[in-house]
1. Please indicate, with yes or no, whether at least one residue in region B:231-254 is β-branched (V, I, T), out of contact with any strand residue (DSSP E or B) (no Cβ under 6 Å at 6 or more places or on another chain) and part of a strand (DSSP E or B).
2. Which members of region B:294-326 meet the condition of being part of a loop (DSSP other than H, G, I, E, B), in contact (Cβ under 8 Å) with a residue 24 or more places away in the chain and in contact with a Phe, Trp or Tyr (Cβ under 8 Å, 6 or more places away or on another chain)?
3. Evaluate region B:140-154: report whether one residue or more is crowded, with 16+ Cβ neighbours inside 10 Å, in the same structural domain as B:E257 (by TED's automatic domain parsing), in contact with a His (Cβ under 9 Å, 6 or more places away or on another chain) and at pLDDT 90 or above.
4. Any residue in region B:162-176 that is assigned by TED's automatic domain parsing to the domain that holds B:F234, within 27 Å of B:N335 (Cα to Cα) and buried (at least 16 other Cβ atoms within 10 Å of the Cβ)?
5. Being in a strand (DSSP E or B) and of a type in the set (A, V, I, L, M) is the filter here, so list the residues in region B:124-163 that pass it.
6. If you go through region B:215-222 one residue at a time, do you hit one that is on the phi > 0 side of the Ramachandran plot, more than 14 Å from every other protein chain (Cβ to nearest Cβ), touching a strand residue (DSSP E or B) at 6+ places or on another chain (Cβ under 6 Å) and in contact (Cβ under 8 Å) with a residue 40 or more places away in the chain?
Amino acid sequence: MNQRFILLPLLLFFICTSCDNNRHVRYYRVQKEAINPTVISQPSAPSSINWNTPTHWVSTKGSSMRIGSFDVPFADGIGDVSVIKLGGAAGGLAPNINRWRGQLNLKPHSEIEIQQYVKNEESQLGTFQWFTIINPEENETAFLASIFQIETHTIFVKLSATTHGISQLESQFLDFCKSFTSGATQ
Amino acid sequence: MRSIIRKLGNPKIFVFTIMWMMILVFVGTIAQRDMGLYYAQQQYFSNWLAWFGPIPVPGGRLTMLVMFLNMISLLFRHTLWQMKKVGIIIVHMGALLLLIGGGITAWFSFEGNMVLDEGGESNFIVNSQQSELAFINTTQPDYNDITSLPEKILKNRNILNPTDLPFTIEIIQFHSNAEAERRTQSKGDFYHGLAKNFLLLPKENEKEAEMNRAGILFKISDTNTDADGIYSLFLGQSIPQTLQVNDESYTLVLRRERIYLPFAIELLDFKRVLHPGTTIPKSFSSEVNLIENDIPRRVMIKMNEPLRHKEYTFFQASFSQSDSGETSILAVVKNYGRLFPYISSLIMSFGLLIHLLLQLPKLLSSKGKKRA
């Protein structure tokens, strides 16, 4: 029996394994397009989040983690609004509030203390919690923030501005948060 | 060599491989309930080795290879090559063709989705189960040069030097499903973008593979600029990471694996017909333009009436509706082995018929003898 006959299937096997397209770097040249990742049906979590942006808010590039970033003008300055979406509970309410309090050189609060000033509001995306964090001794930076906890994700919306700016922008910020909806997918 | 072929051609091997395949199908079907369809397929059928707990056992791919070698070896038996066994030889040839077709499908086929907004156009398919790390050179005004690293090579500690990129990439961590957790303290300048403030934590894979959100941590070196450092990316990150090296601008994205097509599809209109008086859909259809060499051709894709073009088949799979309009989702399959099952079934049927006809005189004479 000729040895070549037994080598034939082995050769076929090596050809097949070496031709596996998924194990090689690929190079393409394509026409310009928007580099927005396509998100397909995610029934348990909103595949995309929509909101109504106030007309005078300016969309900015922000950091790579933000799904939305805006410069928000007020009477004597510009605030920064960030929208960040993280998986799971993302640490929970109290640790996040205390992390932000730490950024303003404030001592951490207990869960009971936090529950005293956290308020609830409704949006089409569900109920969200909002609160302000102000250091009375440092008026330059204060936070107005909201947290949406939705099944598998948590969305953080944070306005960073001066204490004066926070009070001016509060109603706009809340209208912005209330406008949050999900792009329904079937 | 003869003894090896004789052993490989033992018909008992075929019987055992068939039985083993039945066990794999049974176990895989049960496992699918807990681990999901995609991962069950990968673990039991698309692997060389499957694991029953800590015990390695032959996976579907290895079993099929053994079956293939067994059938090839069987053909080299001198005793088979007789006129009266022509039918059996043809049946064997048909079965071998079926296995070859299975191999071609396993290695070269591709399945994915094309997501089209009404009025929108696309020239790529997205594989919802796999990710890719794409380095997009955006320097030129008209086109992008894309270097894509598929998920299978994004192994921890893998060092990659793609010829089109002026830097080296070292994969530090890749997780097919991950979540970000904020660092307690920001990292230094060697860390860029997301990696500066966020940690990547692995998560267990979701049952539905397309629900996973992959994450990657990698190091870029040899640019001899500030761009050297550690980067992190997440699947679906809305603001991509950018990089500037030698006057070339790059955008770095971790995204669903894409396969670019030599033509484009434009969705003209998506139609959904409901059963009268209900909100239950009766049928979906997409009216599309197939654009090749700048020449559009109008085609209707309906349920059970796919569009076949070149090696690709486009099925109407799903749709989505949002405030901005309707979106049609087409399931796209590229399969060079598509015709093999049909051809091999015909060959095997023909072989069985020949075998029956050749055996008929013997059958009739033995019955005649019994009567006599």
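The values are calculated or read from the model by the stated rules, or taken from the named source; none is laboratory data. Please read all numbers here as calculations on a predicted model, not as lab measurements. Reconstructed Cβ throughout: ideal geometry from the backbone, glycine too, with neighbour counts over all protein chains shown.
1. Looking for residues that are β-branched (V, I, T), out of contact with any strand residue (DSSP E or B) (no Cβ under 6 Å at 6 or more places or on another chain) and part of a strand (DSSP E or B), one finds at least one in region B:231-254, hence yes.
2. So in region B:294-326, the residues part of a loop (DSSP other than H, G, I, E, B) come out as B:294, B:303-304, B:306, B:310-311, B:323-324.
From the residues that got through so far, the ones that are in contact (Cβ under 8 Å) with a residue 24 or more places away in the chain too are B:310-311, B:324.
If the condition is that a residue be part of a loop (DSSP other than H, G, I, E, B), in contact (Cβ under 8 Å) with a residue 24 or more places away in the chain and in contact with a Phe, Trp or Tyr (Cβ under 8 Å, 6 or more places away or on another chain), then B:K310, B:E311 are the ones that fit.
3. Here is the first cut: in region B:140-154, the residues crowded, with 16+ Cβ neighbours inside 10 Å are B:144-151, B:153-154.
Remaining after also requiring in the same structural domain as B:E257 (by TED's automatic domain parsing): B:144-151, B:153-154.
Next, from what is left, pick out any that are in contact with a His (Cβ under 9 Å, 6 or more places away or on another chain): B:150, B:153.
From what is left, the residues that are at pLDDT 90 or above are B:150, B:153.
Yes; the residues of region B:140-154 include at least one that is crowded, with 16+ Cβ neighbours inside 10 Å, in the same structural domain as B:E257 (by TED's automatic domain parsing), in contact with a His (Cβ under 9 Å, 6 or more places away or on another chain) and at pLDDT 90 or above.
4. Here is the first cut: in region B:162-176, the residues assigned by TED's automatic domain parsing to the domain that holds B:F234 are B:162-176.
So of that shortlist, the ones also within 27 Å of B:N335 (Cα to Cα) come out as B:176.
Subset that is buried (at least 16 other Cβ atoms within 10 Å of the Cβ): B:176.
Checking region B:162-176: at least one residue is assigned by TED's automatic domain parsing to the domain that holds B:F234, within 27 Å of B:N335 (Cα to Cα) and buried (at least 16 other Cβ atoms within 10 Å of the Cβ).
5. First, pick out the residues of region B:124-163 that are in a strand (DSSP E or B): B:124-137, B:143-150, B:159-160.
Of everything in region B:124-163, those that are in a strand (DSSP E or B) and of a type in the set (A, V, I, L, M) turn out to be B:I125, B:V126, B:L133, B:A134, B:I136, B:I146, B:L149, B:I159, B:L160.
6. First, the residues of region B:215-222 that are on the phi > 0 side of the Ramachandran plot: B:222.
Those still in the list that are more than 14 Å from every other protein chain (Cβ to nearest Cβ) too: B:222.
Those left that are additionally touching a strand residue (DSSP E or B) at 6+ places or on another chain (Cβ under 6 Å): B:222.
Filter again for in contact (Cβ under 8 Å) with a residue 40 or more places away in the chain, leaving B:222.
The answer is yes; a qualifying residue exists.
For (1) buried (at least 20 other Cβ atoms within 10 Å of the Cβ); (2) of a type in the set (G, A, S); (3) away from every other protein chain (no Cβ under 14 Å); (4) within 16 Å of A:Q124 (Cα to Cα), each residue gets a yes or a no:
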{"residue": "A:E140", "(1), (2), (3), (4)": "no, no, yes, no"}
{"residue": "A:H153", "(1), (2), (3), (4)": "yes, no, no, yes"}
{"residue": "A:H164", "(1), (2), (3), (4)": "no, no, yes, no"}
{"residue": "A:S171", "(1), (2), (3), (4)": "no, yes, yes, no"}
{"residue": "A:S179", "(1), (2), (3), (4)": "no, yes, no, yes"}
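Yes/no matrix, rows are residues, columns are (1) within 30 Å of B:N246 (Cβ to Cβ); (2) more than 9 Å from every other protein chain (Cβ to nearest Cβ); (3) under 13 Å from the mean Cα position of the chain (by Cα); (4) of a type in the set (A, V, I, L, M):
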residue	(1), (2), (3), (4)
B:D117	no, yes, no, no
B:I136	yes, no, no, yes
B:S148	yes, no, no, no
B:I153	yes, no, no, yes
B:N156	yes, yes, no, no
